[in-house]
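Please read the structure below before turning to the comments.
None of the figures in this text is laboratory data; all of them are computed from the coordinates on show. All values reported here derive from a predicted model rather than from experimental measurement. Ideal geometry is used to build each Cβ from the backbone, glycine not excepted, and the neighbour counts take in all protein chains shown.
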Amino acid sequence: MRLINILFVGGIAMAAAGSAQSQCGSLANGYGPFDYRTSKEQLVIVEQFHFTQDVELLRHGNTGNVGGDIDYVLRASPNHHRALMSMVNLALKTKSDRPTGPGKYTVDCYFDRALRMASDDGVIRIIYGLYLYRTGKKVEAKRVLEEARPYAGDDPNLYYNLGFVYLDLGDKASALESAHKAYRLGAQLPGLRKKLQAAGAWKDDQTAASANNSSAPGAPPAQ
């Protein structure tokens, strides 16, 4: 059914892609574009000059201003995960939807370009969902994060962020389920658990408890 739907709306999808390209630019670039996941060697020189630790942490630019350096990286590698995260942090810091400077792309455009570059990259959607959530677009954040599931595998960040979104949207059961999965997958931050506890929605993960007991017979109960 999914394939049939794609076939029927193909013309619309192509038109939408064309519209996105006109607003967010072609991916063609003087250097690249390179897939961040598979082209690390080609990106060494880009990161050396345009994505230093000072740029990544938004302290100051290396070849100009911070926004210009991040923009350069995201033109060479639209799905550069760390640069996308820095761009999100810059947008939140400057309270601007065009954080890399006048005449540059909007945040939404950078993610549009990233997804056109690597539509199967789940991390892009996790970072985008986080941005949408932190800018108050929680329904959109839910949609984007749920779309990440087939691509993100067992990334605890996906389920941790989904837990916050579900809870804020009033779906406590889904929030708890996501929290349990995030912590089973190795999430360390206690924030989601504390927020569920404050909402009176936290319950211990009985699945995890059963697994731990079966793998360690005779172990004393947790204090």
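What lysines could a cross-link reach from Lys142, if we take a straight Cα to Cα line under 26 Å and drop same-chain neighbours fewer than 8 places away? Lys142 reaches Lys93, Lys95, Lys172, Lys181, Lys194, Lys195, Lys203.
The listed peptides 71-81, 124-134, ordered by packing as a protection proxy, come out as 71-81, 124-134 (highest mean of other Cβ atoms within 10 Å first). Rounded to 0.05, the FRET efficiency of the Lys40 and Asp120 pair, given R0 = 22 Å and the Cβ-Cβ distance, is 0.80.
Only the Cβ atoms of Lys and Arg (+1) and of Asp and Glu (-1) were treated as charged; on that basis the dipole of segment 72-212 about its Cα centre amounts to roughly 520 debye. Counting beta carbons within 10 Å around each of Lys181, Lys195 and listing the fewest first gives the order Lys195, Lys181. Distance from a point 7 Å along Cα→Cβ of Thr63 to each backbone N in segment 70-103: keep the residues under 11 Å and list them by number. Counting backbone N atoms under 11 Å from the label point, the list is 70-76. When you count the other C-beta atoms within 10 angstrom of each residue and take the mean per peptide, 145-155, 93-103, 110-120 line up highest first as 110-120, 145-155, 93-103.
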